[in-house]
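A short reminder: the numbers here are calculations on the coordinates, not readings from a lab. Quick caveat: nothing in here was measured; it's all calculated off a predicted structure. Cβ coordinates were reconstructed from backbone atoms using ideal geometry, including for glycine residues, and neighbour counts include every protein chain displayed.
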């Protein structure tokens, strides 16, 4: 039995699909089991109950333990006889320190898990391609995205590729003790990403840069905590004119190249219509 937390989220839903395709027995945890719409044969349970009985492995979405730590989950995992845990972490965890709120959080979670005695793998994606969904509202109203640092580079990764790596780590111990950094196959600026979305939609879209102060106000006004907004803007500023490093880990682990951003945009085109 493999337990998947955050099973209806961007990554977790794909993890469930990967495990089902591999013939694994899956228990999917979600806040609202009644609306989960998961594949037939998947056991669905409530996240708050953390039912880990009979489980051999757990996929941990950090949102489940954000602000509380993984202590309760790890305690229950130990009692239930869980052997290994695969953490959805972040590439930022590799460089914790002052001003890196995102990296610090993930690093602390990784450290807590490593101290538990469980066999662990930390999956460390960089920028999610799904971050582009933040532009959907603007593109629903017009053909311009307003945002900071138009020439900042990232290598956005399709959430299905993150899930494919996580599933392989859940299904075997071949990646035990590893923390693979995952990226997409291309370094793209924010402006280039918007152009690609436009090509997929058949619309001439463009990215119009705004001052970071205005971007910060929009982010915090939309519910992003101020310290996270500051961390993101600092990272974006440092990425201007600097192509992102492409990791080989997705292809090494899955045996195939990662999906392109154009593929991601095609898969999610309805969100921008």
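Key figures
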quantity: The chain, relative contact order [Cα under 8 Å, separation at least 6], %; calculated: 18 percent
quantity: Exposure proxy order (Cβ contacts within 10 Å, fewest to most) of 264, 120, 66; calculated: 66, 120, 264
quantity: Translational diffusion coefficient (Stokes-Einstein; Kirkwood radius from C-alpha pairs) of the stretch 95-145 at 25 °C, 0.890 mPa s, in µm²/s; calculated: 176 µm²/s
quantity: Max mean-square fluctuation residue, GNM over the chain, Cα-Cα springs under 10 Å, options 220, 183, 87; calculated: 220
quantity: Distance from the stretch 189-249 to the stretch 94-146 (C-alpha centre basis), Å; calculated: 14 Å
quantity: Helix-only CD estimate at 222 nm, as mean residue ellipticity for the chain, using -39500 (n - 2.57) per DSSP H run (n ≥ 4); calculated: -11000 deg cm²/dmol
quantity: The stretch 189-246 pair-distance distribution - Cα-Cα, 5 Å bins, rounded %; calculated: 4, 17, 19, 20, 20, 16, 4, 0
quantity: Residue with peak Gaussian network fluctuation, the chain [Cα springs, cutoff 10 Å], from 97, 222, 238; calculated: 222
quantity: GNM flexibility winner over the chain from 115, 129, 80 (Cα, springs under 10 Å); calculated: 115
quantity: Cα-based Rg and Dmax for the chain, where Dmax is the largest Cα-Cα distance (Å); calculated: 18.8, 56
quantity: Distance histogram in 5 Å bins (all Cα pairs of the stretch 58-192, percent per bin); calculated: 2, 10, 17, 19, 18, 13, 9, 6, 4, 2, 0
